[in-house]
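All remarks here apply to the structure that follows.
The values are calculated or read from the model by the stated rules, or taken from the named source; none is laboratory data. It should be emphasised that the depicted structure is a prediction, and the values quoted were computed from it without experimental measurement. As a convention, Cβ positions derive from the backbone with ideal geometry for all residues, glycine included, and neighbour counts pool all protein chains shown.
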Amino acid sequence: MKKYDVVALGELLIDFTENGTSEQGNPIFEANPGGAPCNVLAMLNKMEHRTAFIGKVGDDMFGHQLKAAIEEVGIDTVGLHWDKEVHTTLAFVHTAPDGDRDFSFYRNPGADVMLTKDEVDEALLKDCRIFHYGTLSMTHESCREATRYAIALAEQANAILSFDPNLREPLWESLDIAREQVDYGLRHCHILKISDNEIQWFTGEEDYDKGIRLLQEQYQIPLILLSMGREGSRAYQKDVCVKLPAVLRDNTIETTGAGDTFMGACLHAVLESGCESLKDFSEQELTEMLRFANHAASLITTRKGALRVMPSRQEVAKEME
């Protein structure tokens with residue numbers, strides 16, 4: 001019995017999301033705790049799983065706000081480090097009328113990219129069932145080395161490795177470097193969550209199924225989850241492909257965190273299967289996984305922010321009814 005169900009490594013930052021205008025007509029921004037890895041962990045904590053985070057924030061007001069926020073939702077912060085010189089990473093989120101969003105990052109550098117290999121807590125990686133990572137911890141050399149070290153430790157401990165590229169083009173020196181790091185992540189994962197634009201960019205295939213087949217052939221990834229926003233989601237395992245439509249809502253506010261909620265819900269299904277190595281899911285099990293994840297993701301689009309407002313198991317079940 002391992003202490004943690006899921007340990008994640010990566011960025012922890014402040015998402016400044018629009019929240020109306022002032023009397024002077026200026027936009028008002030709300031400082032929401034964010035960052036894909038901890039969003040995923042927050043969803044898992046709502047599903048009553050044990051989680052821990054490895055990362056770095058600035059020793060400033062936002063860094064302390066973030067530590068308090070992830071502790072509040074139940075994420076273990078033993079692997080969180082402080083940077084005395086570099087400030088916490090900030091992201092300003094512009095939301096379009098249809099709920100889609102665009103990001104402006106203040107991260108040159110940000111504290112999250114200053115994480116070093118020596119700061120990776122080995123005990124966390126040796127004591128988890130699933131290790132979750134992305135590529136935003138691979139944009140700079142120091143945190144790239146830390147990420148690869150964590151992946152190696154998780155593999156040695158026979159953990160299931162879960163990967164979400166979460167490509168943010170403005171944060172890369174070049175897309176060639178981004179492609180190299182995505183390739184590295186793909187070569188080590190057992191579970192991949194990839195978005196529609198990412199699969200097209202990486203494989204060059206406009207047809208999603210053809211792109212996924214290329215990944216299956218080249219990387220032998222046991223379970224691939226494709227998120228397509230308003231077009232729904234798909235799950236691929238060996239020759240089985242399950243496709244479900246999205247759960248669309250009239251009261252959608254923004255889509256920030258929807259993909260992370262979806263990922264957390266899918267990892268919940270993996271954990272609920274009770275296996276220490278990834279099993280072969282039946283078509284019905286994959287359908288139920290996607291159905292639960294799609295409903296959970298749709299709920300988060302009706303709330304501002306993500307990390308603090310993840311839906312509970314009961315809320316998702318009620319929506320599914």
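Quick notes
- Looking across region 254-283, the residues that are touching a residue at least 40 places away in the same chain (Cβ under 8 Å), acidic (Asp, Glu) and over 22 Å from residue 35 (Cα atoms) come down to 276, 280, 283.
- Residues considered: 127, 60. Of these, the only one that is under 21 Å from residue 305 (Cβ atoms), among the acidic types (Asp, Glu) and either surrounded by fewer than 19 Cβ atoms within 10 Å (Cβ to Cβ) or touching a Ser or Thr at 6+ places or on another chain (Cβ under 6 Å) (or both) is 60.
- Considering region 58-86, and only residues there that are part of a helix (DSSP H, G or I) and touching a residue at least 24 places away in the same chain (Cβ under 8 Å), the residue that is nearest to the chain's Cα centre (by Cα) turns out to be 70.
- Restricted to helices (runs of 4 or more DSSP H) entirely inside region 247-321, those with at least 1 residues that are within 26 Å of residue 19 (Cα to Cα) and in contact with a strand residue (DSSP E or B) (Cβ under 8 Å, 6 or more places away or on another chain) are 258-272, 283-300.
- Filtering region 202-215 for residues that are touching a residue at least 24 places away in the same chain (Cβ under 8 Å), over 21 Å from residue 293 (Cβ atoms), of a type in the set (D, E, K, R) and not in a loop (DSSP other than H, G, I, E, B) leaves an empty set.
- Residue-level check: of (1) modelled with pLDDT of 95 or more; (2) touching an Asp or Glu at 6+ places or on another chain (Cβ under 8 Å); (3) buried (at least 18 other Cβ atoms within 10 Å of the Cβ), residue 167 misses just (1).
- Search result, residues across region 296-318 that are buried (at least 21 other Cβ atoms within 10 Å of the Cβ), over 10 Å from residue 258 (Cα atoms) and without any contact (Cβ under 8 Å) to a residue 60 or more places away in the chain: 316
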